[in-house]
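**Q** Let me give you the structure first, and then I'll get to my questions.
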């Protein structure tokens, strides 16, 4: 395949660039080419060279203008179409770049680089079906023309990426296996085969490829992590831990060791939380820039009920990655435990504004709880309504929504919210608050039933006895009400004293 000019097209997708001749040792001077063009107006080779010089200099508008001028004189000029596509892409005109690369494939259907660049541009715009088709055409042409493996490699990787984006990891794995057969087994291709097989529900088939990677580089964090996950999925946690230990023994690189210790801590946190916390401390000391270690350490301290240490860990994570929503949620949770509700609200709102899904639900819940503690009940209700919309199975979100609505005497919201909380998690706290809501709307039989459950489960709950007394009294069961109030008073609940008859 002969060409006077190929250039690189990097579109940020991680699977390569168009091949080409090596650039000259010294880029041509646009001023000299401009002067030559003045003396030889309309000279196409000079115009093409000037367009390329503008591209090399980052003058994309000028490059696009010159290449368009060439096409106005010679629409069959491959280099002008290709250069215009590059210039338009680099100046952010993706639609224009797609048009030009499409023109290249129509006018020069046997040019590998036209199809490859069109595929990359489609992928960059999220048009994965069209990207896959263009990558397939590029690969077919490249194989026919016996292009070098390092030229075809990014096209195979691009096709596998498109197939995976289309929800076809099994096809992606097959594409990568073909690439490995044709161009040798390198670590990236082997790992991607394993990753796609795992995504396709074939983790056992992925294992041999991961060992091939680890035999080349025992410190490959992604490979050993995936291998550990597969073993955990098979119920072989101890084997997963041993694989991590093998990699730890084989490398002294602090950053790699920190990542491996982080993974080991994640596997151990449910089994041995104390050991997991020590591993996280070691990981964060080895690589202070590993925010995940600081974050997980903060989370472990939160679970242990130590918000001060949790806050310090989250603050270290925040200093490394101040925009990560999970860290912001961690800070909010630590401040909430410390009863600093203003700071908790602040960080929770920052997290809610920059996250989605479960993390956003967590942020909204903490923001709503904090607003409630600050006495801003209407704001709390609004935030918690958003939280339950995102996470309808979160009992704690429904409970706090019920509390906020109750404080506003919005019983139409409070009662169903608290009923949902009890349905999801029938804890004494949720039942106690539902009983109080039933009393407020004069559903005395329902209140008596739920509050009786509470005092049977938690006989020391003075407030439950007190509220049960009111429910029984409203139902005309005065002697039972007196006994309930007496039980509340015996447990130290002073409001019951005035209700007890002498």
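The values are calculated or read from the model by the stated rules, or taken from the named source; none is laboratory data. As the structure is a computational prediction, the values presented were derived from the model and not from experiment. A quick note on method: Cβ atoms are made from the backbone with ideal geometry, for glycine too, and the neighbour counts reach across all protein chains shown.
**Q** Is the stretch 54-73 home to any residue that is out of contact with any helix residue (DSSP H, G or I) (no Cβ under 9 Å at 6 or more places or on another chain) and part of a helix (DSSP H, G or I)?
**A** Yes, because at least one residue in the stretch 54-73 is out of contact with any helix residue (DSSP H, G or I) (no Cβ under 9 Å at 6 or more places or on another chain) and part of a helix (DSSP H, G or I).
**Q** To continue, here is another question. Out of 161, 175, report the one residue that is under 24 Å from the mean Cα position of the chain (by Cα), in a helix (DSSP H, G or I) and buried (at least 21 other Cβ atoms within 10 Å of the Cβ).
**A** That would be 161, the only listed residue that is under 24 Å from the mean Cα position of the chain (by Cα), in a helix (DSSP H, G or I) and buried (at least 21 other Cβ atoms within 10 Å of the Cβ).
**Q** If you don't mind, there's one more thing I want to ask. Just name the residue that is surrounded by the fewest Cβ atoms within 10 Å (Cβ to Cβ) out of those in the stretch 319-351 that are free of Cβ contacts under 8 Å to residues at least 24 places away in the same chain and within 25 Å of residue 281 (Cβ to Cβ).
**A** The residue in question is 322.
**Q** In the stretch 379-407, what count of residues is obtained for those that are surrounded by fewer than 20 Cβ atoms within 10 Å (Cβ to Cβ) and either outside any helix (DSSP H, G or I) or at pLDDT below 95 (or both)?
**A** 3
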